[in-house]
Amino acid sequence: MENYCNQIWPLIYDDHNQGRHQDELAFYSKECSTYSGHVLEIACGTGMILLPLLKQGVDIYGFDISDQMLQQLFAKAESESIPGVHSRISRQNMIDFQIDLKFDLIFIPARSFLHLQSQDDQLACLRNIHRHLSDSGRFILNFFTPNLPLLLTCTDPNPDYKHFDRYHHPDGKRMIDLSNRRTIDLTEQVQHITWRFEIGEKFYESPMTVNWIYKKEFELLAKFSGFTISNLYSGFDKSSYNGDGEMVWELKKACPSQ
């Protein structure tokens, strides 16, 4: 199944994202500390951010589209004796999620917004977030700045697999070798990635699509969704945006009464 909706990704997801995760967790933890109201994490995955924040006392809710990732989240919560998780987590998607709460902070970490392929879906997601945000609330998300020279290196229509990394299988006996290959559609602004998992003598493949979004493009998406941009940073240290690195966006409602 596409993206993270399979049985293998949850086994290695935390290890696979460990590097960037520490910066994201520290950033969103600090942001949550400024709010006492409800917080929503969109695409919470295995709970790499949500579970630590819940343990810190943040009144946080979350959802994800992948049953497999959520099963891993619930298993981690049980092993860490974190109560009340099932009442806070649901299986929904970014486009039409419904939660009967208003949130003071909503965030999408891990570049998950880029899995939305059409502008209609992107706008539907942003407008739905607008509806769930309190009048004084903030919406934060992060994704990469498009690197055109790097993208141009992936235009081969039939690339070879490249070994990415190796991870311990949870059974403690086997290893999982991860490889990938990617092709770029410059016109549609999308990367088509195929991940290949090798476990012993067996191979499994999982397709993934990742869009990219330019700065001016997202400014228009935000405007047409009822937001104004409070800040745009280059990275999680909140340095001024310089056209490179991770774009970290902070938005608020343009018309709070809506």
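Rounded to the nearest whole Hz, the Karplus-based 3J(HN,Hα) values (6.51 cos²θ - 1.76 cosθ + 1.60, θ = phi - 60°) of segment 83-91 follow the sequence x, x, 5, 4, 7, 10, 10, 9, 9, with x at glycine and proline. Subtracting the Cα-Cα distance of Arg166 and Thr153 from 0.36 nm times their residue separation leaves 2.3 nm of extension gain. Taking all Cα-Cα distances within segment 148-211, those exceeding 19 Å account for 38%. If you add up the charges near Asp23, with Lys and Arg at +1 and Asp and Glu at -1, over every other residue whose beta carbon is less than 14 angstrom from its beta carbon, what do you get? Summing Lys/Arg as +1 and Asp/Glu as -1 gives 0. Length gained on full extension, Ala26 to Asp177: 51.5 nm, using 0.36 nm per residue less the C-alpha separation.
In this label model, Glu2 and Gln117 are separated by 0.4 nm, measuring between points 7 Å along each Cα→Cβ vector.
Note on the chain: Cα convex hull, mean projected area over all directions, 14.0 nm². The simple spin-label model puts a point 7 Å past each Cα toward its Cβ; for Gln98 and Lys252 those points are separated by 3.1 nm. Compared with the alpha-carbon gap, the fully stretched path from Thr34 to Leu220 is longer by 64.2 nm at 0.36 nm per residue. By the equivalent-ellipsoid construction on the alpha carbon gyration tensor, segment 176-258 comes out with semi-axes of 35, 16, 13 Å, ordered largest to smallest.
For the chain, lysine pairs separated by 8 or more sequence positions, or belonging to different chains, with Cα-Cα distances below 19 Å total 17.
Just so you know, all these numbers are worked out from the coordinates, no wet-lab data involved. All of these numbers come straight from a predicted model, not from anything done at the bench. All Cβ positions, glycine included, derive from the backbone under ideal geometry; neighbour counts span all protein chains shown.
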